[in-house]
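Trainee: Got a structure here, written out as structure tokens. Questions coming.
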Amino acid sequence: MKLATLDDGTRDGRLVVVSKDITQCVDARPVARTLQAALDDWSRVEPQLRELEEQLEVGGVPAERFHEREAHSPLPRAYQWADGTAHVNHVELVRRARNAEMPASFWTDPLMYQGGSDTFLDPRQPIAMVDDAWGIDMEGEVAVVTDEVPMGASVEQAAASIRLVMLVNDVSLRGLIPAELAKGFGFFQSKPSSAFSPVAVTPDELGSAWDGKKLHRPLHVDLNGAPFGRAHAGVDMTFDFPTLIAHAAKTRTLGPGAIIGSGTVSNKGPDGGPGKPIADGGVGYSCIAELRMIEKIQTGAFRTPFMTFGDRVRIEMVDDDGHSIFGAIEQTVEQSRPA
């Protein structure tokens with residue numbers, strides 16, 4: 001089943017069930033007005049949403065055209081957004097970029113930060129920044145949405161809580177990160193609002209690509225219309241989603257609708273070393289910071305700039321037939337004037 005939230009002039013939008021080919025949708029408000037309302041009562045609401053899905057596919061209900069540009073992030077805001085470090089290769093590379101040591105514990109215990117969840121960007125909404133000298137970077141990721149997860153949940157309980165899967169652009173301001181982390185507390189200004197894919201899907205919709213723990217498909221990241229990354233989301237994933245969820249729930253209960261991210265999808269090269277750009281036969285990268293670090297290793301200098309005003313990023317995942325699974329996040333960096 002595929003779900004989305006369309007703009008209806010309200011803060012949380014209206015819930016729709018989307019066709020498998022992401023071309024049609026049906027109003028789900030008679031069942032649940034918003035996605036958060038559906039997640040709050042999932043055991044009762046899910047069968048009704050699936051009935052709508054069946055009717056939509058056979059033309060049994062009035063349908064409307066689904067336009068990705070009219071979609072909010074599936075949850076326009078959420079009670080919880082926590083982003084993990086499933087692909088530890090990414091963390092190792094970006095820490096090397098700022099001459100920070102990589103603690104051995106990072107390979108055995110997930111690193112996680114709590115992001116701002118009150119104002120997610122729409123998947124086609126510009127990334128508006130006052131200053132492009134802040135080191136604007138995209139981060140292509142996968143995320144899951146959970147049901148309630150009890151404090152101290154086991155990995156098995158965490159796995160059973162996964163309700164939806166979606167894509168993320170977790171925007172980072174690389175120029176602000178070092179000074180912020182040097183204070184010894186964590187990200188805040190360096191992590192502005194994230195954007196999520198137009199469509200969130202139930203795990204069964206992913207077929208064999210979902211094994212209950214990981215999503216086994218390449219993540220397509222394009223920068224200014226050119227392929228930048230095709231890293232495989234299930235490869236080099238040190239911590240799977242149930243492990244990340246259990247980590248987040250160690251000292252707190254996670255409410256329905258909690259979003260847990262994988263962190264930047266990142267693959268090592270075939271030799272176990274840093275990966276290569278797509279142009280050189282590699283799978284590329286899901287963020288610019290990784291490419292810059294590899295450039296510094298190989299040439300002694302950073303060569304690729306971070307995103308600037310006018311740059312455009314597209315993040316998407318396709319099935320075996322080349323059809324979009326979640327729709328595309330496509331955002332342009334724009335200059336914002338302080339109020």
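The values are calculated or read from the model by the stated rules, or taken from the named source; none is laboratory data. What you are looking at is a predicted structure, and each value in this text was computed from that prediction instead of being measured. Here the Cβ is made from the backbone with ideal geometry for all residues, glycine too, and neighbour counts use every protein chain on show. Note: accessible area is taken over every heavy atom of the protein model, side chains too, but ligands, DNA and RNA are not part of it. Shrake-Rupley method; radii C 1.70, N 1.55, O 1.52, S 1.80 Å.
Trainee: Going toward the positive end of the dipole of the chain, with +1 on Lys and Arg Cβ and -1 on Asp and Glu Cβ, which of THR308, THR119, THR34 do you reach last?
Mentor: It is THR308.
Trainee: Then there is this: With only alpha-carbon atoms in the gyration tensor, what are the semi-axes of the equivalent ellipsoid for the chain, in Å, largest first?
Mentor: Ellipsoid semi-axes (Å, largest first): 32, 22, 20.
Trainee: For the chain, take the longest principal axis of its alpha carbons; what is the angle in degrees between that and the long axis of helix 42-58, to the nearest 10 within 0 to 90?
Mentor: The helix 42-58 is inclined about 80 degrees to the chain.
Trainee: Okay, next question. Just the accessible area per residue of the range 55-189, please: how many Å² with a 1.4 Å probe?
Mentor: 46
Trainee: Here is a further query. Considering only protein heavy atoms and a 1.4 Å probe, what is the carbon-and-sulfur percentage of the accessible area of the range 174-304?
Mentor: Using a 1.4 Å probe with all protein chains present, the range 174-304 comes out at 54 percent carbon and sulfur.
Trainee: Oh, and also: For all pairs of alpha-carbon atoms in the range 1-61, what percent lies in each bin of width 5 Å, listed from the first bin to the last filled one?
Mentor: Percent of Cα pairs in each bin: 4, 21, 32, 24, 15, 4, 0.
Trainee: Given just the C-alpha atoms of the range 158-235, how large is their convex hull per residue in cubic angstrom?
Mentor: Cα-based convex hull of the range 158-235, divided per residue, equals 153 Å³.
Trainee: Among GLN48, ALA71, TRP81, whose Cα projects farthest towards the positive end of the dipole of the range 1-120, with charges put on the beta-carbon of Lys, Arg (+1) and Asp, Glu (-1)?
Mentor: Farthest towards the positive pole: TRP81.
Trainee: Counting only protein heavy atoms and using a 1.4 Å probe, what share of the accessible area of the range 85-154 belongs to carbon plus sulfur, as a whole percent?
Mentor: After summing per-atom areas, the C and S share lands at 50 percent.
Trainee: Compute, for the chain, the length of the dipole vector about the Cα centre, with Cβ point charges of +1 (Lys, Arg) and -1 (Asp, Glu) only. Units Debye, rounded to 20.
Mentor: Roughly 940 debye for the chain.
Trainee: Kindly work out what percent of the DSSP beta bridges joining two residues of the chain are antiparallel, to the nearest 5.
Mentor: If I count the DSSP bridges inside the chain, around 85 percent turn out antiparallel.
Trainee: Would you mind working out the magnitude of the charge dipole of the range 68-166 relative to its Cα centre, with +1 at each Lys and Arg C-beta and -1 at each Asp and Glu C-beta, to the nearest 20 Debye?
Mentor: Its charge dipole is roughly 80 debye.
Trainee: Sticking with this one: Sort out for me the Cα centre separation of the range 286-339 from the range 106-179, rounded to whole Å.
Mentor: Result: 16 Å between the Cα centres.
Trainee: Now for a separate question. Can you tell me which of ALA128, ALA104, ALA258 moves the most in a GNM of the chain? Springs connect C-alpha atoms under 10 Å apart.
Mentor: For the chain, modelled as a Gaussian network with Cα springs under 10 Å, the answer is ALA104.
Trainee: Cβ under 10 Å from LYS268's Cβ, LYS268 left aside: what net charge do those residues give with Lys, Arg +1 and Asp, Glu -1?
Mentor: With Lys, Arg at +1 and Asp, Glu at -1, the neighbours total -3.
Trainee: Between VAL235 and GLU101, what is the FRET efficiency for a Förster distance of 22 Å, r being their Cβ-Cβ separation, to the nearest 0.05?
Mentor: FRET efficiency, VAL235 to GLU101: 0.30.
Trainee: Tilt of helix 288-299 relative to the longest C-alpha principal axis of the chain, in degrees (0 to 90, nearest 10)?
Mentor: Long axis of 288-299 versus the principal axis of the chain: about 20 degrees.
Trainee: Also, quick follow-up: Given LYS20/LYS268; LYS250/LYS296; LYS2/LYS191; LYS183/LYS213; LYS2/LYS276, which pairs have Cα atoms separated by over 31 Å?
Mentor: Pairs exceeding 31 Å: LYS20/LYS268; LYS250/LYS296; LYS183/LYS213; LYS2/LYS276.
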